[in-house]
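First comes the structure, then the notes that go with it.
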Amino acid sequence: MGAYDVLRQAILMKKPCIISKANEPERKICPNRIGDSPHGVKNVIYYQYAGYTSHPGGLEPDGSSANWRCNHVDDIIQVRIIDEPWHEPIQKPKTRGRCVVDPPDAEIPY
């Protein structure tokens, strides 16, 4: 099963994941949406609660809306679903940008 399928399954099950990108340490995430970007690239938007981040200053405390991230699915070389509590920001933003504008089907929640 590829990264896209595992992330999609995690979204439907509302389960956190550990992901890895090439030459970077692992990140713990809660995937939220997966689908096409405005440019037709498969993206995933997720809430990151632990692990490596390339953002200057690192992660904000768990619960911060600043921990939303967007990645190209093709950049994720390894993903596995883990049995940990779900994390999300204390206050959800009304919009999460244009990371994913076209979810693939109605099963995936917005």
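Within the range 61-110, being surrounded by 13 or more Cβ atoms within 10 Å (Cβ to Cβ), hydrophobic (A, V, I, L, M, F, W, C), at pLDDT 90 or above and closer than 16 Å to Met13 by Cβ holds for Val79, Ile81. Against the definition (polar (S, T, N, Q) and surrounded by 21 or more Cβ atoms within 10 Å (Cβ to Cβ)), how does Asn23 come out, yes or no? When the stated conditions are applied, Asn23 does not pass them.
Residue-wise test of (1) in contact with a strand residue (DSSP E or B) (Cβ under 9 Å, 6 or more places away or on another chain); (2) in contact (Cβ under 8 Å) with a residue 40 or more places away in the chain.
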{"residue": "Ile34", "(1), (2)": "yes, yes"}
{"residue": "Asn43", "(1), (2)": "yes, yes"}
{"residue": "Pro56", "(1), (2)": "no, no"}
{"residue": "Asp62", "(1), (2)": "yes, no"}
{"residue": "Ala66", "(1), (2)": "no, no"}
{"residue": "Cys70", "(1), (2)": "yes, no"}
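The values are calculated or read from the model by the stated rules, or taken from the named source; none is laboratory data. Only a predicted model underlies this, so the values are computations on that prediction, with no experimental measurement involved. Cβ coordinates were reconstructed from backbone atoms using ideal geometry, including for glycine residues, and neighbour counts include every protein chain displayed.
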